[in-house]
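First the structure, in the form of structure tokens, and then the observations on it.
Only the coordinates and a few stated rules stand behind these numbers; no lab work does. All values reported here derive from a predicted model rather than from experimental measurement. Every residue, glycine among them, receives a Cβ derived from its backbone with ideal geometry; neighbour counts consider all protein chains shown.
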Amino acid sequence: MLSIDVPAISVQSDIYEVIDDLRNKRRRSEEVFIHLDNERRVTLDHSDFSKDDNSNTIDLCNNCVIFAPALYKFEKPKPGYKVTCGDCYGNDRQLAFGTSDGNILYLTIDAATEKVKCQNLETHILHTNQVKFVPPNNSSDINVQTARYLISSGMDYEMRFHDLNSGKIVCAAKNIKGMVSDIVFTSPSEFYTLCERNGVVQSWSFDDGICEEYPFEMSVLGLHEDDKIQTIAFSEVHGLIYGTLKGLFVNNKLVFEHGNITQISLGPNGSIGLRSDNSVILISSCFEPKAQFTFQQSVSQIILKTDRKLYVRTESTVYDITIDNGEQSAAIAVLSADCEFMTSEGKALFTLGKTIRVFN
């Protein structure tokens, strides 16, 4: 199994102004290399810039770090708030970010012009902790579909359904068994919710679409009180996956010896990414450990794209990690240095900090 210790890297957030300027003068897609000083801080010494087409790895010997190019970026319309959650849909053309002040930032992107339309969705609560787009009933081709509704949940144990055309709250579900920490759709009319702390999983369905009444059928999955579920995820191959204090259980048992599982991210071909509370990430394929990454900084979020590629967000830095075909090494790139939250669907990755950046 591949095992890598990823060093902590201190990056100035305003370094991107220099990097963007360099890319504008050259090819926009070109990668930019910047050297690190003895304290592993990124320096802006232009004489240290180099280009090596044969490597895009953090080189611990030569103190060189690569910054991967963003497709485009745009400023946050409200720079002061703290982002708490997010989701994207429609070939990455719809974005929603929940905030600590309760509002939801809803963005639509015109891919041709890179113009961004921004709208605030009010929730009338102090904190939004989960948002999720509702797939349209005819969502067979996500490239041409647009979600009309968005689910949000907060600290008041309610779920709200927002009409994205009007910006209004259409209806709300109030019979929730706790504060929702995850929402997973299994079809356009069926989804599951996971309640924080008590680990209650509820299933919901609506047959005729969302309406102003309460079209929900709700049931609670049978769980023992001892099984404190920390996260929930779904896979067409493996079905329902539970991350508990004891490890990962799904048909077979995969023992995880690096702390409690705090996040599960699923990729194709039965691949699973696990994040622990002591910043160790394990990539498993068909329940066989493939790679392990240990971070010096606290890991806040992971997104597993394939069985060989994942995104990792530490306290503020986003890493792009790709395991090579021989599984003997991994290429690591820095995507963002001021990220509060990241979300991904399809090919694109969105990181939100002082600016919103889009990577492909």
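Pull out the extension gain between Gln296 and Thr355, defined as 0.36 nm times the separation in residues minus the alpha carbon to alpha carbon distance; nm, one decimal. Stretched out fully, the Gln296 to Thr355 stretch lengthens by 18.7 nm.
Using R0 = 45 Å, the C-beta based FRET efficiency linking Lys347 and Lys174 works out to 0.75. Treating r as the C-beta distance of Asp324 and Ser203 and R0 as 51 Å, the FRET efficiency rounds to 0.80. Taking every alpha-carbon pair under 8 Å whose residues sit at least 6 apart, the range 273-322 reaches a relative contact order of 26 percent.
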